[in-house]
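Please read the structure below before turning to the comments.
The values are calculated or read from the model by the stated rules, or taken from the named source; none is laboratory data. As the structure is a computational prediction, the values presented were derived from the model and not from experiment. Neighbour counts run over all protein chains shown; Cβ positions are idealised from the backbone, glycine included. Heads up: the accessible areas ignore ligands, DNA and RNA and are worked out on the full protein's heavy atoms, side chains in. Shrake-Rupley method; radii C 1.70, N 1.55, O 1.52, S 1.80 Å.
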Amino acid sequence: MRFLSTRRRHPLAGLVVLLLGLIAVGGLYSAVAPDSATAETTDARKVEAGRQLFLVGCATCHGKNAEGIQTKSGGNYGPSLIGVGAAAVDFQVGTGRMPLANASQQAPRKKPQYTPEEVSELSAYVATLAPGPAIPSEEYTDASGASDEVISEGGEFFRTNCTACHNSVGAGGALPGGRYAPKLTGVSGKHIYEAMVTGPQQMPVFNDAVITPEDKRAVIAYIKTVQAEPTYGGLGGGGLGPVVDGMFTWIIGIGGLVVIATWIAAHGARVKRKESRS
Amino acid sequence: MTQITTDTPLEESAFGKKAAGPVGWLDSRLGLAKAGKGLVRKVFPDHWSFFLGEIALYSFIVLLLTGVFLTFWYVPSMEEVTYTGSYAPLRGLEMSKAYASTLDISFDIRGGLLMRQIHHWAAMLFIASMIAHMLRVFFTGAYRKPREVNWLIGVGLFSLALIEGFAGYSLPDDLLSGTGLRFVDGLIRSIPIIGSYAEFFVFGGEYPGELIIPRLYMAHILLVPAILLGLITAHLLLLVYHKHTQWPGPGRTENNVVGYPVLPVYAAKAGGFFFVVFGFIVLVSATLQLNPVWSYGPYNPSEVTAGSQPDWYMGWVEGAVRIMPNWETTILGWTFSWNVFIPAVVLLTALFGLLAAYPFVERWVTKDDREHHLLQRPRNAPVRTGLGVAGMTAYGVLWIAGGNDVIATQFHMDIYTITWLCRIGFFVAPVIAFVVTKRICISLQRQDTETLLHGYETGVLERSPDGGYSERHAPLPANVAYTVSARDEVRVIEAPEDTDEHGVRAPGGLKARLHARASRFYHEDVAEKPTRHEVEEAAHHHADHDGHALEPGARDEFQGISETGVPHQH
């Protein structure tokens with residue numbers, strides 16, 4: 001410390017202190033403040049990239065400003081996307097439902113056409129049009145490690161709100177007019193959550209006032225648990241219920257036993273006899 | 001050189017010597033030899049279709065055995081408890097004791113899940129084999145005199161089995177079985193005027209109440225099985241008393257039974273088949289999941305799951321309700337729910353009513369009062385076979401309607417389209433099925449006549465010197481010819497003249513005309529059986545005709561076997 005104390009009256013000491021101070025403040029500033037500055041530019045870039053993707057891939061049906069297109073007869077060619085929020089885009093595009101392959105009763109789930117990066121760009125763009133449900137944070141969509149209480153509570157929510165259409169194990173179900181509630185197997189927690197908050201296609205919206213984010217996580221936890229568990233009792237019929245069992249009873253059950261009955265009936269008696277020749 | 005075979009008498013065989021002591025001891029105390037003598041010498045004919053009823057009998061035995069096991073742990077109570085068993089996704093939930101104990105059987109009782117599945121699969125097979133057996137009896141005319149009463153017992157067994165199956169389906173008190181119970185609740189309530197009172201009577205108050213599970217349990221393990229057991233016993237006693245029916249064939253008449261005696265042959269065949277059926281059910285139950293009650297969750301009247309179906313034997317009622325238009329009328333404050341009453345209550349009653357009435361209706365039409373122990377080939381009763389197939393078609397259409405949601409999702413179809421197809425199909429398809437089946441039967445009869453008179457096609461083609469081709473025909477072997485021609489000649493019974501010679505209207509003219517109409521409907525198109533004279537004439541024709549038929553001299557050259565499998569006979 002002698003070095004510092006002897007040089008403290010040096011004419012350049014003030015300059016050095018000032019320099020050190022500037023470096024510290026500049027370093028701190030660069031560590032903390034510029035973050036938001038770059039985020040702003042990234043967001044703007046993302047939104048612009050999303051807009052470009054939108055113009056190429058979506059505007060044909062949804063309109064150049066996502067305002068929707070009406071048919072001449074007043075029908076809906078492509079709905080307005082203003083206010084649907086990032087969650088809706090992430091669900092529709094992320095599960096491959098959008099872009100539509102063809103106009104049918106319902107958009108089926110298929111291989112996504114956009115990369116996750118592009119999906120987030122599209123979502124970012126649509127989110128700027130008007131406020132809407134955002135993509136949920138992982139805190140609510142990652143159900144791994146949920147406790148038994150949470151899972152069984154999720155089961156209650158699931159049976160009350162979801163099974164009527166999606167079936168008790170999420171095997172899906174029929175709806176009028178060729179529409180259907182899709183299977184829930186292999187759907188990510190994020191997409192299940194997004195479906196609940198945005199209500200895609202035939203599905204009603206379950207907003208946070210109806211089912212809180214924590215309860216949504218519980219529902220996801222229940223779905224993931226029952227789908228991961230083994231089919232106790234042997235091979236299952238895919239959760240399709242008694243129809244499959246009845247078919248099996250007649251075709252394999254009665255059919256198989258009739259084959260055996262035919263075999264038994266076709267064989268006469270064989271009595272062991274001592275043979276003697278004369 | 002002749003060959004002589006000798007049997008060792010049972011008493012002299014090693015087994016006989018060993019068994020003589022205990023058997024004699026029992027016989028001198030119980031008199032079994034005298035009582036059992038008739039039974040062990042009882043002869044049963046062999047045919048695969050005679051085993052269908054046995055499948056039902058053996059499934060019933062399996063049901064009794066596994067059912068006893070399940071009663072050890074099942075608690076028939078609707079009292080609410082908190083589940084604390086092994087199945088984590090349901091732990092901590094409020095549920096009825098019935099459901100909790102079913103979960104315990106499935107997850108915490110050793111072998112419980114297997115026993116549950118054996119019980120359930122056996123039930124599925126029990127009713128399926130009953131229906132298959134019933135169809136066999138129907139299509140072969142085995143219900144004719146003297147077996148009408150046994151047919152009625154069979155109809156009773158069938159209806160009770162449905163009730164028994166449904167009661168069992170409801171006992172676990174899971175979401176699916178509760179939904180089924182709700183269905184039956186609606187069915188009861190749809191009965192005009194007394195419906196809601198009947199519901200309160202059955203459920204002990206408004207649905208679901210707290211009594212229905214204990215009541216169904218009593219019905220399922222005591223009342224219905226006891227009646228089933230009694231009726232099965234009566235069914236079998238009548239079978240022994242009447243003797244088993246047999247297919248026509250050489251040496252088989254209305255007065256004998258050709259087959260094997262119970263001991264040693266039939267006991268071995270039937271006993272062996274019991275183990276095959278038992279083993280088959282256990283194999284299926286060990287490898288295929290059935291009714292995973294844990295995945296449905298506890299019953300709550302406000303919840304439901306997509307794909308809710310009854311077990312297959314109630315599927316046709318479910319289907320009828322699904323395709324029924326929504327008709328409802330209110331008269332003087334009473335609501336008449338035709339939308340449920342017609343497809344459920346009326347249809348169920350109609351099925352059992354028609355089944356029970358059929359033998360008597362047919363008897364009235366044919367005026368046939370003879371005893372029948374020889375079966376009819378289905379083709380030889382074209383109208384009956386047609387009616388049976390029409391009934392099966394209607395049943396099948398309702399089945400499809402009952403699974404319309406599963407068909408819609410699995411085959412990417414519109415559920416309303418399926419519903420409309422079933423609505424139309426229910427009325428149209430049976431008519432088409434009747435006409436087509438009847439025509440097929442008559443064609444087969446005509447083909448029988450054809451082969452009787454002109455021989456069967458050998459498949460050997462000959463070219464004549466002038467280049468023409470013809471197929472060789474060979475006369476049917478005598479035993480085949482006998483079997484094919486063993487059928488009754490039926491005639492339309494015409495109505496007597498409306499008025500007698502004095503111009504007075506005959507009494508009962510309308511009834512007679514009605515009967516004549518029915519008789520024509522039954523017998524008009526039936527192909528006529530060739531007479532003895534015609535057959536002999538044709539045989540003569542075979543013997544001295546040209547290349548069209550097989551000449552006697554050419555017989556030795558012919559080595560072929562026809563595609564109908566009738567071997568050439570020397």
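Things worth noting here:
- Residue among B:Arg384, B:Arg472 that alone is at pLDDT 90 or above and basic (Lys, Arg): B:Arg384
- Pair list, Cβ under 8 Å, 6 or more apart: region B:108-134 residue surrounded by fewer than 23 Cβ atoms within 10 Å (Cβ to Cβ), other residue of a type in the set (Asp, Glu) and assigned to a helix (DSSP H, G or I): B:Gly112/B:Asp104
- Counting residues in region B:413-423 that are in contact with a strand residue (DSSP E or B) (Cβ under 8 Å, 6 or more places away or on another chain) and assigned to a loop (DSSP other than H, G, I, E, B) gives zero.
- Taken over region B:315-342, the criterion of being touching a helix residue (DSSP H, G or I) at 6+ places or on another chain (Cβ under 6 Å) and under 29 Å from A:Thr249 (Cα atoms) is satisfied by B:Gly315, B:Trp316, B:Val317, B:Glu318, B:Gly319, B:Ala320, B:Val321, B:Arg322, B:Ile323, B:Met324, B:Val340.
- Any chance A:Val205 is modelled with pLDDT of 90 or more, surrounded by fewer than 19 Cβ atoms within 10 Å (Cβ to Cβ) and not in a helix (DSSP H, G or I): yes
- Checking the stated criteria, A:Val205 turns out to be more than 9 Å from every other protein chain (Cβ to nearest Cβ) and free of Cβ contacts under 8 Å to residues at least 40 places away in the same chain.
- A count restricted to region B:170-199 and to residues that are open to solvent by 50 Å² or more (accessible area, probe 1.4 Å) and assigned to a helix (DSSP H, G or I) stands at 5.
- Of all residues in region B:1-59, exactly one satisfies the criterion of being closer than 30 Å to B:Leu228 by Cβ, modelled with pLDDT under 85 and β-branched (Val, Ile, Thr), namely B:Val40.
- The residue of region A:221-236 that is surrounded by the most Cβ atoms within 10 Å (Cβ to Cβ), among those that are without any contact (Cβ under 8 Å) to a residue 40 or more places away in the chain and within 7 Å of chain B (Cβ to nearest Cβ), is A:Gly233.
- Filter result for B:Val284 (open to solvent by less than 20 Å² (accessible area, probe 1.4 Å), in contact with a Ser or Thr (Cβ under 8 Å, 6 or more places away or on another chain) and closer than 21 Å to B:Ser59 by Cβ): no
- Some residue of region A:184-201 being part of a helix (DSSP H, G or I), of a type outside the set (Val, Ile, Thr) and within 11 Å of chain B (Cβ to nearest Cβ): no
- Residue within region B:89-102 that is touching a residue at least 40 places away in the same chain (Cβ under 8 Å), within 27 Å of B:Gly315 (Cα to Cα), facing chain A (nearest Cβ under 10 Å) and assigned to a helix (DSSP H, G or I) present: no
- Selection of helices (runs of 4 or more DSSP H) fully inside region A:56-149 by the criterion of at least 2 residues being among the charged types (D, E, K, R) returns A:116-127, A:138-141.
- Top-ranked residue of region B:48-74 - restricted to ones that are surrounded by fewer than 20 Cβ atoms within 10 Å (Cβ to Cβ) and in a loop (DSSP other than H, G, I, E, B), ranked as nearest to the other protein chains (Cβ to nearest Cβ): B:Trp73
- Complete set of residues in region B:287-303 that are buried (at least 24 other Cβ atoms within 10 Å of the Cβ) and at the interface with chain A (Cβ under 7 Å from one of its Cβ atoms): B:Leu290, B:Ser295, B:Tyr296, B:Gly297
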